[in-house]
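These notes concern the structure reproduced below.
The values are calculated or read from the model by the stated rules, or taken from the named source; none is laboratory data. Just so you know, these numbers come straight off a predicted model, no measurement behind them. So basically every Cβ, Gly included, is an ideal-geometry build from the backbone, and we count neighbours across all protein chains shown. To get the accessible areas, we keep the full protein, side chains included, count just its heavy atoms, and leave off ligands, DNA and RNA. Shrake-Rupley method; radii C 1.70, N 1.55, O 1.52, S 1.80 Å.
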Amino acid sequence: MHKISRQALRDINLLYHRFLGQFCPDQARKILKEIEECIDLISRFPETGKDCGHLIRGLRQYSYRGCVFYYRLHKNHVFIIRVLDGETEHDLSGDILAIK
């Protein structure tokens, strides 16, 4: 099971609109479907991602096709914190600390 932060939902929306500008609508929808499949994969196999505890305790990262998923493991679910463009440098410290 997983939960997704509001910020991660905004991230996915921004990525989708960027894909619409770069690709045809069918391709953008296909990439959006792949993002959903990645979130399902992370939910089923949360240890598949890389430990990013050096940034923030309990933080994990999973990368796929230019998208970086940041998440934390909770007792009964995975919490998706951000879904970002992997091509850009991100300072996550304020973002992740602010999202519960």
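Candidates are the residues of the range 43-69 that are among the aromatic types (Phe, Trp, Tyr) and not in a loop (DSSP other than H, G, I, E, B); the one that is surrounded by the fewest Cβ atoms within 10 Å (Cβ to Cβ) is TYR64.
Taking the range 70-94, which residues are crowded, with 17+ Cβ neighbours inside 10 Å and modelled with pLDDT under 90?
LEU92
Residues that are open to solvent by 90 Å² or more (accessible area, probe 1.4 Å) and more than 16 Å from TYR62 (Cα to Cα) within the range 1-22 comprise MET1, ARG6, LEU9, ARG10, LEU14, HIS17, GLN22, listed in sequence order.
Taking the range 23-69 as the range and being touching a strand residue (DSSP E or B) at 6+ places or on another chain (Cβ under 8 Å) and among the hydroxyl-bearing types (Ser, Thr, Tyr) as the test, the residues that pass are SER43, THR48, TYR62, SER63.
Against the definition (in contact with a Phe, Trp or Tyr (Cβ under 7 Å, 6 or more places away or on another chain), basic (Lys, Arg) and farther than 18 Å from ARG6 by Cβ), how does ARG44 come out, yes or no?
It is false that ARG44 is in contact with a Phe, Trp or Tyr (Cβ under 7 Å, 6 or more places away or on another chain), basic (Lys, Arg) and farther than 18 Å from ARG6 by Cβ.
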